[in-house]
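What follows is calculated from the coordinates using simple rules that are stated; it is not laboratory data. None of these values were measured; they are calculated from a predicted model. Backbone-built Cβ (ideal geometry, glycine too); neighbour counts: all protein chains shown.
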Ligand SMILES: [Fe+2]
């Protein structure tokens, strides 16, 4: 099923449809002092790829790639991922309700359907996939229940809630889609590579990782620039997006440090 993310694929019909203006999309007029969407996304990409913000270079990812992380550390990291991601995925329903454009709302809904049911990857809800991986790594249900959320995961969970509930939709999408999900295929492709090479997991056990390394996840990352083109048209709005992207990259990278607890 899931193919490595590094391979660039032609845009799917769904994302191609989203590049055309939505029926109810706003007319775009850029204010003085604002940069073009292309300049903005290039600037943001450079921020995301800075050292200590780029999750592909995080010591945990590199340790899995080299076979140096223990099963317990991988399970701990994955369980903490579930503890912040599960409530955050449910908040996509809030983002859906707050989003004014048909095409962007469709993308958000597709993302929820994939997270909840594995609708597009034809797998299962992502939390169920994570359960299987955890059990294969030696973490029983009882052990999972005994593992409390760590401060780094709380911070990530809290920030996602703030950016979805309290910030303009363009900042919500810049944080969740552009910064978090767009990078996931690259991060999870490295994890999948390391897990296949050095750890004994079945295909079922690997699926929670391989599904995030797939084109399904790439699809989730396509909404940010569309929203920025429509709504980040003043310097003030662009500065809001700059903060949302930078802070998301910071707290997400920091969340990966949880592997040190295990
Ligand atoms: Fe997921």
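What to note about this one:
- Placing R0 at 25 angstrom, the Cβ-Cβ distance between residue 117 and residue 198 gives a FRET efficiency of 0.20 after rounding to 0.05.
- Candidates 24, 89, 184, ranked by Gaussian network fluctuation over the chain, Cα under 10 Å, top entry: 24
- Going from the fewest other Cβ atoms within 10 Å to the most, the residues 176, 70, 41 appear in the order 70, 41, 176.
- The C-alpha atoms of the chain define a longest principal axis, and helix 126-136 lies at about 20 degrees to it.
- Per-pair calculated FRET efficiency, R0 = 25 Å: residue 109 and residue 27 via Cβ, rounded to 0.05: 0.50
- Burial ordering of 81, 92, fewest other beta-carbon atoms within 10 Å first: 81, 92
- Placing a pseudo-label 7 Å from each Cα along the Cα-to-Cβ vector at residue 35 and residue 247 gives an inter-label distance of 2.0 nm.
- Maximal additional length on extending the residue 162-residue 257 stretch stands at 32.0 nm, based on 0.36 nm per residue less the C-alpha distance.
- Using the Cβ-Cβ distance between residue 154 and residue 239 with R0 set to 30 Å, the FRET efficiency from 1/(1 + (r/R0)^6) comes to roughly 0.65.
- Within the range 133-164, backbone nitrogen closer than 15 Å to the virtual label 7 Å beyond the Cα of residue 72 toward Cβ: 137-140, 143-144, 146-148
- Which of 149, 108 has the fewest Cβ neighbours within 10 Å, and the rest in rising order: 149, 108
- Spin-label model distance (nm) - residue 142 vs residue 56, 7 Å beyond Cα toward Cβ: 4.2 nm
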